[in-house]
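A short write-up of the structure that comes next.
The values are calculated or read from the model by the stated rules, or taken from the named source; none is laboratory data. Worth saying up front: this structure is predicted, and the values here are computed from it rather than measured. Cβ sites come from the backbone with ideal geometry, for glycine too, and all protein chains shown count toward neighbours. Each accessible area value is taken on the protein alone, full model and side chains, heavy atoms only, with ligands, DNA and RNA left out. Shrake-Rupley method; radii C 1.70, N 1.55, O 1.52, S 1.80 Å.
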Amino acid sequence: MTTPLSNSQVRDIEALLHPYTNAVALRETGSQIFERGEGVRVFDQAGRGYIEAMSGLWCCGLGFGNAELVEAARQQMEKLPYYHMFGGKGHEPAVELAEKLKALAPGRMARVFYQSSGSEANDTQVKLAWYYNNALGRPEKKKIVSRVRAYHGVTIVAASLTGLPNNHRDFDLPVEGIRHVGTPHFWKNGLPGESEAEFTARLAAELEALIEAEGPETFAAFIAEPVMGAGGVVVPPAGYFEAMGAVCRKHDLLTISDEVVTGFGRTGEWFGAQTLNYAPNALSMAKQLTAGFLPLSAVVIDEAMAEAIEANSGKIGTFGHGYTYGGHPVACAVALKTLDIYERIDAPGRVRALAPRFAAHLERIAGHPLVGEVRSLGLMGAIELAPEGAKGFAVPNKVGPRMVGELAARGVIGRAISDSVSLCPPMIITEAEMDEMFAPMVPALDATLDWARAEGHLPL
Ligand SMILES: Cc1ncc(COP(=O)(O)O)c(C=O)c1O
């Protein structure tokens, strides 16, 4: 017996195409419509409350209600609700935020360019890498290296950088000039008998072999998330970024750190590149930049890139790139207030203090017969479900979604990424709320295990 859909659910189906959703299946289940939020919780139209253990889509680091951010938006809306930066115009919130981002970012960063989303930020990154190499008189040096299971967004180039089959399938992607190298997921991709160090060396050798086979003069950049988010919270082995960075420096590839998820304290430092010990030429930021309250993304580039790009705009007469809403003053004002709050609560320090409890909760369930691996860094983590002794299910992407459904039935919203369950709670979460968030894990795993056996996903 399925519950009849509510009037809102029927209107929703008739009016919307939902991202990452099977539109045919949705006709049966209907969408879950949310109404309000408070602290780490959201409440749906039926009045049910949930701990939002994914911060929405990895973005609401300050949770789902914040009077200071509302007030910052209101004041800026009253003063100057919109202005742009085309043709040399500007506004104070954009300048102040850019100064702040340059100061917070690792390395010697020189310029900031704004868009509204993570996808657009990564599109900008690719365009900057191309423009930069044209500026330097290297028109062949254009290919971008990304990784299998990377997530960099869904616009045409960002989706091409993304290394997930569903982002390419039936969209005629990837476009030309994008290469994908291996995922640094030791548990899944390490060879029998291989050590983590050997695994890392193999991945770096793969990158180098690709560059040498096709010619270093044809490669512009390497883009990577410090911790892969939407690929399933993949924390690379120690030394990975040092090894990949060395190959990039040797062959003169720019390094781009996609910090859309890992930025602003999430991994225990301001940026994931700092936690993982590498110094990129450019960073993409979004999501927690405004705590998810408004759309804003920023690309931050180093001095060498800025110098070449500025000089080229002088030579050809313009830098022909920009978005109507890039650096929207209200979004910038909210970002500035967000950064104030992160500094006041010491978001990176808070994450470092909470991370051991988060990891211990994960470790406690690691021995469950349905759990293959648990992994985490800072306040990002994943529970990888697998049959005992195996690295995945014969039919993937069934057990993970079931587990997320079991968790939701017990008041916690996680996210299934194939057969892993990701967790990325708001950074304001308290210890007591974290304990509450983990309390239903074992009952949900037990229920999922029973279901998986009954459905034939596991030996009986
Ligand atoms: C690492 C990373 N980069 C880029 C994006 C794309 O951001 P958006 O959805 O704002 O376009 C995401 C979104 O989840 C992401 O996780």
Test: residue 351 is within 29 Å of residue 221 (Cβ to Cβ), within 16 Å of the ligand (Cβ to nearest atom) and either modelled with pLDDT under 95 or under 24 Å from the mean Cα position of the chain (by Cα) (or both):
no
Could you tell me whether segment 29-42 includes any residue that is away from the ligand (no atom under 16 Å from the Cβ) and touching a Ser or Thr at 6+ places or on another chain (Cβ under 6 Å)?
yes
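Those residues that are part of a loop (DSSP other than H, G, I, E, B) and farther than 18 Å from residue 417 by Cα, I need them from segment 137-162; list them, please. Reasoning before the result, please.
So the first thing to find is which residues in segment 137-162 are part of a loop (DSSP other than H, G, I, E, B), and the list is 137-142, 148-155, 162.
Selection gives 137, 138, 139, 140, 141, 142, 155.
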Out of 148, 154, 126, sole residue that is in contact (Cβ under 8 Å) with a residue 12 or more places away in the chain, within 15 Å of the ligand (Cβ to nearest atom), aliphatic (A, V, I, L, M) and farther than 18 Å from residue 260 by Cβ
148
Subset of segment 8-32 [in contact (Cβ under 8 Å) with a residue 12 or more places away in the chain, under 25 Å from residue 229 (Cβ atoms), open to solvent by less than 70 Å² (accessible area, probe 1.4 Å) and not small (Gly, Ala, Ser)]
18, 26
Considering only segment 34-77, state which residues are surrounded by fewer than 17 Cβ atoms within 10 Å (Cβ to Cβ), modelled with pLDDT of 95 or more and touching a strand residue (DSSP E or B) at 6+ places or on another chain (Cβ under 7 Å).
34, 35, 36, 43, 44, 49, 65
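Is there a residue being open to solvent by 10 Å² or more (accessible area, probe 1.4 Å), in contact with a Leu (Cβ under 9 Å, 6 or more places away or on another chain) and among the β-branched types (Val, Ile, Thr) anywhere in segment 310-329? Write out each step before concluding.
First, pick out the residues of segment 310-329 that are open to solvent by 10 Å² or more (accessible area, probe 1.4 Å): 310-325, 328.
Then drop every residue that is not in contact with a Leu (Cβ under 9 Å, 6 or more places away or on another chain), which leaves 312, 321, 325, 328.
Those left that are additionally among the β-branched types (Val, Ile, Thr): none.
The answer is no, given that none of the residues of segment 310-329 is open to solvent by 10 Å² or more (accessible area, probe 1.4 Å), in contact with a Leu (Cβ under 9 Å, 6 or more places away or on another chain) and among the β-branched types (Val, Ile, Thr).
Checking the structure you have, find out if any residue of segment 384-392 is in a strand (DSSP E or B) and within 26 Å of the chain's Cα centre (by Cα). Even if it seems obvious, please write down each step before you answer.
As a first pass, look at segment 384-392 and keep what is in a strand (DSSP E or B): 384-385.
Subset that is within 26 Å of the chain's Cα centre (by Cα): 384-385.
Looking for residues that are in a strand (DSSP E or B) and within 26 Å of the chain's Cα centre (by Cα), one finds at least one in segment 384-392, hence yes.
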Would you be able to say whether some residue in segment 402-414 is crowded, with 24+ Cβ neighbours inside 10 Å, touching a Phe, Trp or Tyr at 6+ places or on another chain (Cβ under 8 Å) and of a type in the set (D, E, K, R)?
no
For residues that are open to solvent by 50 Å² or more (accessible area, probe 1.4 Å), charged (D, E, K, R) and part of a helix (DSSP H, G or I), tally how many sit in segment 91-120.
5
Looking at the structure I just gave you, is residue 459 within 23 Å of the chain's Cα centre (by Cα) and assigned to a loop (DSSP other than H, G, I, E, B)?
no
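Evaluate the following for residue 283: is it part of a loop (DSSP other than H, G, I, E, B), within 16 Å of the ligand (Cβ to nearest atom) and either at pLDDT 95 or above or out of contact with any Pro (no Cβ under 7 Å at 6 or more places or on another chain) (or both)? Before you say what the answer is, go through the steps one by one.
Working: part of a loop (DSSP other than H, G, I, E, B): no; within 16 Å of the ligand (Cβ to nearest atom): yes; either at pLDDT 95 or above or out of contact with any Pro (no Cβ under 7 Å at 6 or more places or on another chain) (or both): yes.
The answer is no for residue 283.
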